[in-house]
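Presented below is the structure to which this report refers.
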Amino acid sequence: METSKLLTPVGVGLRPDHTALFVGENPPASVSWVEVITENFLPWKNGVRGKSGATLEKVRARYDVALHGVSLNLGSAEALDADYLRVWKELVDRIEPVRVSDHLCWTGVAGRSSHDLLPLPYTQESLDVVCEKIDRVQEFLGRRFTVENVSAYVAWDDSRMSEAEFLASVAKRTGCGLLLDLNNVFVTARNLGTDAEAFLSALPLGAVDQIHLAGPSERDDGFLVDTHDSDVREEVWALYRRWLALRTRPTAVMVERDGNIPEWEVLEKEILRISAEEGGVDVAS
């Protein structure tokens, strides 16, 4: 069997600590794209004609941009927020992002936000709700939409399929992409005692459009919390190497850091490791 190297588009989650660097005279050459949190740039929150919108447009002139949302509430039985969809599409049309994503979870009920990404019961009813919403989102935006697996801290007794089976069914029914967060895979596997590598092997590889690498917090009892406030764990790098061995096409990969954000030079070392890891793995073709 022949082997080949597949070029990975390397990115980073752009946070305010480093924004000035990306719009300055010498922007980083170690990344080709950045991901930003959608809600930070929506018209109803910040005003797209204001400073934040102008900054995003400067970044977009230099890099591909991925929009990553945290409040679409795909897993809720409640209808999608029409006002949110409207202003979201305005941002998508203006920025022309390389990818648009949100989380496969529920984030609130009865108009109230939990401010957390809550896992779903993996049932036929949940599948129907999620797929109907994703179909509507893709039709409304006029483009492919990508959904991310979230970390789990408890499992639903009502689940009738595995998380990987659920994700595969969502991708098959809607044609959406998958954002594979390997930190979330690691967190869920540790907390619930599941097999992370088996999870990867069960995914539809061709549906994965993007990878997140991040680091969790660990409690004294070993329980992991998806905080994105530490270095990428070696267990997550191991899952990334496993992904490299499985994948069949180039997949955009980024480091996601939301807390305890280090100086750029420190974070960049992790970013550079993405390509270094790829260089040591042969991919079957």
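Given R0 = 30 Å, the distance between the Cβ atoms of Arg62 and Glu132 translates into a calculated FRET efficiency of 0.20.
From least to most packed, judged by other beta carbons within 10 angstrom and beginning with the fewest, Val100, Val23 follow the order Val23, Val100.
Remark: Tyr240, Tyr84 ranked as Tyr84, Tyr240, counting other beta-carbon atoms within 10 Å and listing the fewest first.
Summing Cβ point charges (Lys, Arg +1; Asp, Glu -1) relative to the Cα centre of the chain gives a dipole of roughly 940 debye. Largest GNM mean-square fluctuation among Asn191, Asn260, Asn26, using the chain with Cα springs under 10 Å: Asn26. In the Gaussian network model of the chain, springs joining C-alpha atoms below 10 Å, which of Arg143, Arg242, Arg219 carries the largest mean-square fluctuation? Sorting by GNM fluctuation, first place goes to Arg219.
For the pair Ala77 and Ser159, the difference between a 0.36 nm per residue extended length and the Cα-Cα distance amounts to 27.9 nm. Charge tally around Ser230: other residues with Cβ under 9 Å, Lys/Arg +1 each, Asp/Glu -1 each, net -1. Phi-derived couplings, Karplus 6.51 cos²θ - 1.76 cosθ + 1.60 at θ = phi - 60°, listed residue by residue for region 59-64: 4, 5, 5, 10, 9, 5 Hz, with x used for Gly and Pro.
From the square roots a ≥ b ≥ c of the eigenvalues of the alpha-carbon gyration tensor of region 191-285, which class results: rounded (a/c under 1.5), prolate (a/b over b/c), or oblate? Judged from the Cα gyration tensor, region 191-285 comes out oblate (a/c at least 1.5, b/c at or above a/b). The convex hull around the C-alpha trace of the chain, projected and averaged over every direction, spans 15.2 square nanometres.
At R0 = 35 Å, how high is the FRET efficiency between Ser230 and Lys89 if r is their beta carbon distance? Nearest 0.05 is fine.
0.50
Close amide H partners of Trp106, meaning residues 5 or more places away or on another chain with modelled amide H under 5 Å apart, are Gly75, Leu118. Each residue, Ala20 and Leu205, gets one label point 7 Å from its Cα in the Cβ direction; the gap between the two is 4.5 nm.
No value in this document is a laboratory result; all are computed from the given coordinates. This structure is a prediction, so every number in the text was calculated from the model and none was measured. Ideal geometry is used to build each Cβ from the backbone, glycine not excepted, and the neighbour counts take in all protein chains shown.
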